[in-house]
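Data first, discussion second: the structure below is written as structure tokens.
The values are calculated or read from the model by the stated rules, or taken from the named source; none is laboratory data. For clarity, every value in this text was computed on a predicted model and none was experimentally measured. Here Cβ is always computed from backbone atoms with ideal geometry, including for glycine, and neighbour counts include all displayed protein chains. Surface accessibility is based on the protein's heavy atoms, side chains included, excluding ligands, DNA and RNA. Shrake-Rupley method; radii C 1.70, N 1.55, O 1.52, S 1.80 Å.
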Amino acid sequence: MNLTLTITGFCCDLALHPVNAEAADRVCMLGEDLYKTNSIEWWRANSNNTCGMRLTADARIEASLDGSPVAFDTTSIATCAAVLTQRAVLETPEKELCLLGYDDEACSRSWTWHNVTDYDPNRFALFVQRWDAILGVADYLVIDDVCYDGRPADAAAWGQSQGFTFREPQVVQADAVRAQLTAVVRQAA
């Protein structure tokens, strides 16, 4: 049997980059015009960006087995969220971080597993990033990837893309982000 999990809502592609004081001033001066410079390549140049489906109240999550709907429990998604996987960025000596990207691309993402012998919704493992501390928005969650029964999907596809709008580039104080993340980690422990 084929198992498919589909999330329909908003894709986001966000990135944090350590910047020195001169680059931070340039980010603030250029604002959205920063995306017209070679900074767009900087945003995508390494693994500092997160591309996934944003979990919002109106996101639709559907699971199906050979095309027939099956139960999927969304209640544990927030509790399995990692604080942020870009820890290397936060360990930089730079005092400021630049936030670039978008979070409003209407689309869907599907993951499909072939040869599933039996279905148990508890076998899903969602890789979820928590951007609360960076963006100041409660439960700002981004689903990066999904495994079922310990294995990645045999196929994953994006669909129904309807375009996006870049966020205003934002300079974030690295120490403030570190402090917020440390507090979140302590609460979770």
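Considering only residues in region 129-153 that are under 16 Å from Arg60 (Cα atoms) and aliphatic (A, V, I, L, M), the one that is nearest to the chain's Cα centre (by Cα) turns out to be Val142. Would you check if Ala78 is farther than 30 Å from Ala24 by Cβ and at pLDDT 90 or above? Taking the combined requirement at face value, the residue does not satisfy it.
Of the residues in region 126-134, not one is at pLDDT 90 or above and within 21 Å of Glu32 (Cα to Cα). Of all residues in region 169-189, those being of a type in the set (A, V, I, L, M) and modelled with pLDDT of 70 or more number 6. Do we find a residue being open to solvent by less than 40 Å² (accessible area, probe 1.4 Å), assigned to a strand (DSSP E or B) and modelled with pLDDT of 85 or more anywhere in region 14-29? Within region 14-29, one or more residues are open to solvent by less than 40 Å² (accessible area, probe 1.4 Å), assigned to a strand (DSSP E or B) and modelled with pLDDT of 85 or more. Looking for something within 18 Å of the chain's Cα centre (by Cα), surrounded by fewer than 17 Cβ atoms within 10 Å (Cβ to Cβ) and either farther than 22 Å from Pro152 by Cβ or at pLDDT below 85 (or both) - is there at least one such residue anywhere in region 105-123? Yes, because at least one residue in region 105-123 is within 18 Å of the chain's Cα centre (by Cα), surrounded by fewer than 17 Cβ atoms within 10 Å (Cβ to Cβ) and either farther than 22 Å from Pro152 by Cβ or at pLDDT below 85 (or both). Inspect region 46-59 for any residue being under 20 Å from the mean Cα position of the chain (by Cα), modelled with pLDDT under 85, within 29 Å of Asp175 (Cβ to Cβ) and basic (Lys, Arg) and give the result as yes or no. The answer is no, given that none of the residues of region 46-59 is under 20 Å from the mean Cα position of the chain (by Cα), modelled with pLDDT under 85, within 29 Å of Asp175 (Cβ to Cβ) and basic (Lys, Arg). One residue stands out in region 49-73 among those that are open to solvent by 60 Å² or more (accessible area, probe 1.4 Å) and not aliphatic (A, V, I, L, M): the one that is nearest to Tyr140 (Cα to Cα), namely Asp58. Annotation: of all residues in region 135-149 being farther than 20 Å from Glu168 by Cβ and not in a strand (DSSP E or B), the one that is modelled with the highest pLDDT is Asp149. Within region 124-152, track down each residue that is among the small types (Gly, Ala, Ser) and open to solvent by 30 Å² or more (accessible area, probe 1.4 Å). If the condition is that a residue be among the small types (Gly, Ala, Ser) and open to solvent by 30 Å² or more (accessible area, probe 1.4 Å), then Ala125, Gly136, Ala138, Gly150 are the ones that fit. Go through the residues of region 156-175 one by one and say whether even a single one is under 14 Å from the mean Cα position of the chain (by Cα) and part of a strand (DSSP E or B). No.
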